[in-house]
Every structure is written in C-alpha cells, then in structure tokens.
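The values are calculated or read from the model by the stated rules, or taken from the named source; none is laboratory data. Keep in mind that what you see is a predicted model, and the values were worked out from it rather than measured. A quick note on method: Cβ atoms are made from the backbone with ideal geometry, for glycine too, and the neighbour counts reach across all protein chains shown. Please note that ligands, DNA and RNA were not included when accessible areas were found on the heavy atoms of the full protein model with its side chains. Shrake-Rupley method; radii C 1.70, N 1.55, O 1.52, S 1.80 Å.
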Amino acid sequence: MQSPSAPGPQVDLKIVYDAIVVGSGAAGGMAAHVLTAKGMKVLLLEAGKQLDTTKELKSMEWPYDHPRRGEMPPGYHPLGMNEYNVRNPPYAKDSKYPHVESYVQGWNGPDYSKNIVVDEKDHPYTGSKYAWVRARCVGGKTNIWGRLALRLSDYDFKAKSRDGFGEDWPISYADIAPYYDKVDLYLGVSGHKENLPYLPDSLFQRPNKLTASELHLRAELAKMGRVLTPYRAGVTTDGLKHNKYRSKCFGRGACDRRAGGCDIHAAFDSPTGLIRPAMDTGNLTLRPNSTVYEVTVDKSTGKARGVSFIDTESGKTYEARARVVILGASTLESARLLMLSKSSQHPNGIGNSSNHVGHNFCEHVMGPGINGLVKDLVGKPRTLDDGRPGSFYLARFRNLSDKQSNFIRGYGYEGSSGTTMIPGNAFEALGFGTSYKKAVRDYAGAYISMGAFGEVLPRYENGVSIDPDVKDKWGVPVLKFNYHFGDNEKKMAADMAVSAKEMFEAAGIEVVSVNREILTEGWSIHELGTSRMGNDPKTSVLNQFQQSHDVPNLMVVDGSSHVNASCQNPTWTIMALCWRSCDHVADELRKGNV
Ligand SMILES: Cc1cc2nc3c(=O)[nH]c(=O)nc-3n(C[C@H](O)[C@H](O)[C@H](O)COP(=O)(O)OP(=O)(O)OC[C@H]3O[C@@H](n4cnc5c(N)ncnc54)[C@H](O)[C@@H]3O)c2cc1C
Ligand code: SF4
C-alpha cells in the first residue's frame, strides 16, 4: 500500500485530450479508470484540493490522543438539525463562526474530515430547506462515504411498469449486471448471498458476522418473509491482488468511530481504488483546484469543445479541450454546470433542450427508526462487534408482492447492534459512580437499532435552478432549491415507524424508542435524477449510455442520470453505469461516431 498523493503528468492546455472528466469522486474516478485503461489520454479536473487521506484520516487515533478528542478547532461550526429545520439556506450567511460545515461534521471525530467537506461560507446555495453535504477534494464524498454497496433490480429499473408512476429506465437489470460484476471484482464488496430478486447479490467477498441480536432478528423476520442480511460493504475483506494502494480490512473497529474514511483504504475510495491505478497507465493527468464553470461549445458543430475552469488558488481562468467531455461532478453540481453553459447553440443550457435538467430530483427520505433492547444480552460477556465495516441491512419488503393502499415503492433499513468500543446507547443507562459504570458495561451489547431509507418519487416540479443573484467564493452563480417531500414520502415514512415497531415486537425485542420524525430534505446524501436517462429526448436529458441527446460528445456519468432513486444506496450503481457508458463511448470514438 502506498501513499495516494503522487502528482501526475503536467497539464498541457494546448493539446486536445481524448476526454476531459470533471470531478474525481465515484463517477469521475470510474470514468478516468475505464478510459485510461483503454489507452485514452484523459484530463481529470477536480475542483477540490489534493489531500493525502492516508495521513488525514488517522482512523486508529484514540480520542485521548487528540488535543480536542477529535473535535474541530474553535471557529468551526457543524450545522445542527434545528438549523436546517428552522432556517432557510444559505445556512452560513451571517454566521458568527468563520467556518461552517454540514451536519456530518456533528458526528464523532469531525476534525479528521473537516478538510474533506466544504465550508458552507464559500459554497452557499439558496431556496428551500436542504441539508446538502458536499466534499470538495480529490475523491469527493467517497473519502468518507458509509460504503453500503447495493445493487438495483428490475423492481427499480421497471418501476413504472409495476405501478404506473414516472418513467422506466431505458435499461434493465440484464444490461447493467455484467458491469456490477466488474465493479465488484475491481473494487471489492463484502456480503452474504440471499438470492433476492429485488436486491440482487454481488460477487461478494467475506461477509461481516452478524451479532447475536442480529441473528435473532434475522431468524424472526424470516418467519415474516423479510430479510436481514450482513451489511453489504464496499470494502475489500479478502484483499485485492491487483491494487497495491489498498489493504484488506483488518476489522480494526474504526469504521464506526468517524463520519467515515479508512486510512488503509480497505473501504473503497476513488483516489486509491480508481485514480492512482489510472495514473499508473501513464494516460491520466489530474489537475486539482480546478473548478469547471462552463462546458464550451464548438460554434460550427454545436458539439462540446472542452471546458472553462478557474484555478481555485490563483483565480485565473483557462480552457481545456477534448474530443469528449464527461461530467461527474455529482448530481447537483453536474446539473449546475449544464445550466450554466448557455450559448447561442444551447440557450437553455447545454443538453437542456428538453427543459428537464435540474428536474425530477430525487433521493431517499430518512428519519423514522427504532431503538430496542435485547434483554437476554444484558450483563452477558462483552463481544468484539465493531471489528467490522458495517452491521446489517434489512431489505425492502413493501410493494413487492403486496400493494400498499396509501403509498407506492419501498424502503429498507440500515441497522447496528452489539458491543462497540464506544458504548453508544448504553450511556443512557441509569445510575451513578460504580453502579453507573456497571450499568453502561452491562447494557453496552444489548441494544439494537435501525433507521429507514425510503424512495423519494421523482417529480418534475422538484428541482434546482441557477440563482443569478448569489455567487460562490469564485463568482460562479449558485443553485437554488425548489425541492419538497410529497404525500407519498410522508405516508411511507409513517409506515416505516409502524413496521419497525411491529418487527421488533414480533421478535420479542423491547422497544426503547421509536422515531417518527422525517429529517430535512437532503439528509440521505443520495441526491439523484437531475439529468435523467430515457429514450425520448423530449422528456429526458441523456440516452441509456449517459450521452446527451442534444450533444453526443457530452456525457453525465453521475447520479443525475438515474430515472428514479429506488430505496437502495446509489454509489455502486453510479459506478456500474459509468463503466458501461465509458465502454460504449470509447467504442464510438474509435468508430468516429462521436
Ligand atoms: C457521510 C456519507 C455517507 C454516505 N454513505 C453512502 C453509502 O453508504 N452508500 C452509498 O451508496 N452512498 C453513500 N454516500 C454517497 C456517496 O458518497 C455518493 O453517492 C458518491 O460519492 C457520488 O459520487 P459522485 O462522483 O457523483 O460525487 P462525489 O463523490 O461528490 O464527487 C464529485 C467530485 O466532483 C467535484 N466537483 C464538483 N463540482 C465541480 C466542478 N464544477 N469542477 C470540477 N470538479 C467539481 C467535487 O469536488 C467532488 O470531488 C455517502 C456520502 C456521505 C458524505
Ligand atoms: S473496520 Fe475495515 S474498513 Fe473500517 S476502518 Fe477498519 S480496516 Fe477500514
């Protein structure tokens, strides 16, 4: 394993690259990997800085070895739930704190991720309430993601055919399955086969072990036809012989102690999983601190010519040119770029003749969940349960063979339990002094909790647009949100709490608390759908290979292409789709069709 911070070849702005990739997260990193492996010369422009996360994350540092027990320095403020609930963005405007960061910086050990997430003061947005979490550095949000790596199925790709809402995707599971396999094998994913048609299995490496309470709940849920499975983690548990930048997971129990991040890169992150291997081909040029603010257009053809970008340190602007421009700046940033790129050929923003860019915005609704106590485990000897990169996932069970009367689509739960180094719920034990300490120890391994992630329907009226009146630190107009949960999400959320309680009660788990409140829009960090794929250029932005219907040498390979959100976490699908699209565009370029 090597440090991931080595520089690449020099940028040459006089040449025409085969491809420019914008953004270096899951999407951009994957595009860079696939295209450079095919011998294409790729320029990767990343708005954020180059960070050496191997040094930055310090996953194994104990709170008492840190001067502030992992807290950020004075002057840094993480936004709290109430700030999102009560106020409207821009949330950092007029804040007395020099630095304001998103809510994930309110979790344990925020000092280690403070340079990864953005400072809201530099990156404002306006409009409706939205808890937007962004990471601007090489690797983007993959440096701290939660790694739940799930596949979608035809229950998602063909959801409209099942319930009539929205649109079907222009692909089916059979089209993407070989690419999910490639992602699994190249990056590593741990899990347990369940043979579920609505949550397809990956090519799994060694799964996490379930705890005693999880095994008990799994067995009880099986009687109800529901499936609790070990957390499907985008983590290599067996190791990857082809990647010298990543180690296998040693179950160091560090996953649970921070917002995210793994300093030995057992958890997938784009810099070590994709970008460093791409650099080793000699075909990749990475330029950090390069914020793209426009896709430039060849006036004679209307095709993409390249991109204009700002050096975020010097403030100087440049143009880079390429045969194909690939946006992977994340769902909302790519939509922003398309809308910012207005020209006489594309007066509505490039690729936006359908007027669908920024619309059909969807994600996951969160909040409802449950906390329970497995009484048989109180006072039992402690077990090592946080030596694993995740706990469990309870797969969707609504609107599969049944039909709910008041909402469509479904939700799954992410959960956790067991004895961990930091004993979580047990801090709420009653007592004082020695008896309190004993109570904390006795109860530490006996709690089990889970929270739901539900599909938010893609609706045309939910979206983002450019706010011409507000600009970011570099003078680029920002996004304005017009995005609200609807009736379906609210009814689904009510059901999440009811069914969580039913399941715990059926399993004989004492219900300690049930949360019924919905968290602010955006909390899931799974934004999707703002440039959706489709067969009809009038109602979609991209074709099935994520190429713009209007501009064939322009692609958008991040979550903006998703036609619906499903209830499964999106990152594995983003990378599988991107791999498929880049295979296709490389062929098309070779044939001279792009
Ligand atoms: C705490 C946390 C937990 C998560 N948990 C999970 C999970 O368990 N499972 C899951 O599937 N997903 C999870 N996610 C979401 C996951 O991280 C994203 O789905 C994934 O990173 C999206 O990849 P992306 O490439 O589209 O965007 P990003 O990873 O955000 O990368 C986009 C990159 O583009 C750069 N960029 C933006 N604008 C520009 C511009 N104008 N010019 C140049 N560069 C630009 C950014 O700086 C960034 O580096 C989580 C995210 C977070 C933060
Ligand atoms: S448990 Fe595994 S994936 Fe998590 S931080 Fe430790 S080594 Fe990395």
Inset, instruction - Mind checking the per residue accessible area of segment 312-434 for me, 1.4 Å probe, whole number of Å²? - result: 40 Å²
Legend entry - Rounded to the nearest 20 debye, dipole of the chain from Cβ charges on Lys, Arg, Asp, Glu: 740 debye
Inset, instruction - Compare CYS362, CYS255 by solvent-accessible area with a 1.4 Å probe and give them largest first, with all protein chains kept in place. - result: CYS255, CYS362
Inset, instruction - Find the Rg to Rh ratio for segment 99-158, where Rh is the Kirkwood radius over alpha-carbon pairs and Rg uses the same atoms. - result: 1.08
Inset, instruction - Please report, in whole Å, how far the alpha carbons of segment 54-95 spread along each principal axis, starting with the longest. - result: 37, 19, 16
Legend entry - Taking the chain and dividing mean pair separation by its residue count, relative contact order in percent (alpha carbons under 8 Å, at least six apart): 20 percent
Inset, instruction - Of all alpha-carbon pairs in segment 282-331, indicate the percentage at a distance above 12 angstrom. - result: 68 percent
Inset, instruction - Evaluate Rg over Rh across segment 1-120, taking Cα atoms for both radii and Kirkwood's formula for Rh. - result: 1.07
Inset, instruction - Report, in debye and to the nearest 20, how large the dipole of segment 279-365 comes out about its Cα centre when Lys and Arg carry +1 and Asp and Glu carry -1 on their Cβ. - result: 380 debye
Inset, instruction - May I ask which residue of HIS123, ALA174, ASN88 lies farthest towards the positive end of the charge dipole of the chain, with charges of +1 (Lys, Arg) and -1 (Asp, Glu) on Cβ and the Cα centre as origin? - result: ALA174
Inset, instruction - Quickly estimate the mean residue ellipticity at 222 nm for the chain, helices only: each DSSP H run with n ≥ 4 gives -39500 (n - 2.57), and the total goes over all residues, rounded to 500. - result: -6500 deg cm²/dmol
Inset, instruction - Name the residue farthest towards the positive end of the dipole of the chain from the options GLY139, CYS578, CYS262, assuming +1 on Cβ of Lys and Arg, -1 on Cβ of Asp and Glu, about the Cα centre. - result: CYS262
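How many percent of the accessible area of segment 107-222 is carbon or sulfur, using a 1.4 Å probe? List each step's numbers first, then the result.
On the way: 2080 of 3960 Å².
The value for segment 107-222 is 52 percent carbon and sulfur by accessible area.
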Inset, instruction - Calculate, axis by axis, the spread of Cα positions in the chain along the three principal axes, and write the results as whole Å, longest axis first. - result: 77, 54, 51
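Can you bin segment 15-83 into rounded, prolate or oblate? Criterion: square roots of the alpha carbon gyration tensor eigenvalues sorted a ≥ b ≥ c, rounded for a/c under 1.5, prolate for a/b above b/c, oblate for the rest.
Since a/c reaches 1.5 and a/b is larger than b/c, the shape of segment 15-83 is classed as prolate.
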Legend entry - Surface share of carbon and sulfur [accessible, 1.4 angstrom probe, percent] for segment 298-410: 47 percent
Inset, instruction - For GLY372, enumerate residues with amide H under 5 Å from its amide H, sequence gap 5+ or separate chain, H modeled in the peptide plane. - result: ILE448, SER449, VAL512
Inset, instruction - Quote the convex hull volume per residue of segment 458-591, based on C-alpha atoms, as a whole number of Å³. - result: 177 Å³
Legend entry - Calculated P(r) of segment 387-443 - Cα pairs past 14 Å, %: 67 percent
Inset, instruction - Set Lys and Arg Cβ to +1 and Asp and Glu Cβ to -1, take the dipole of the chain about its Cα centre, and tell me which of TYR198, GLY424, ASN208 lies farthest positive. - result: ASN208
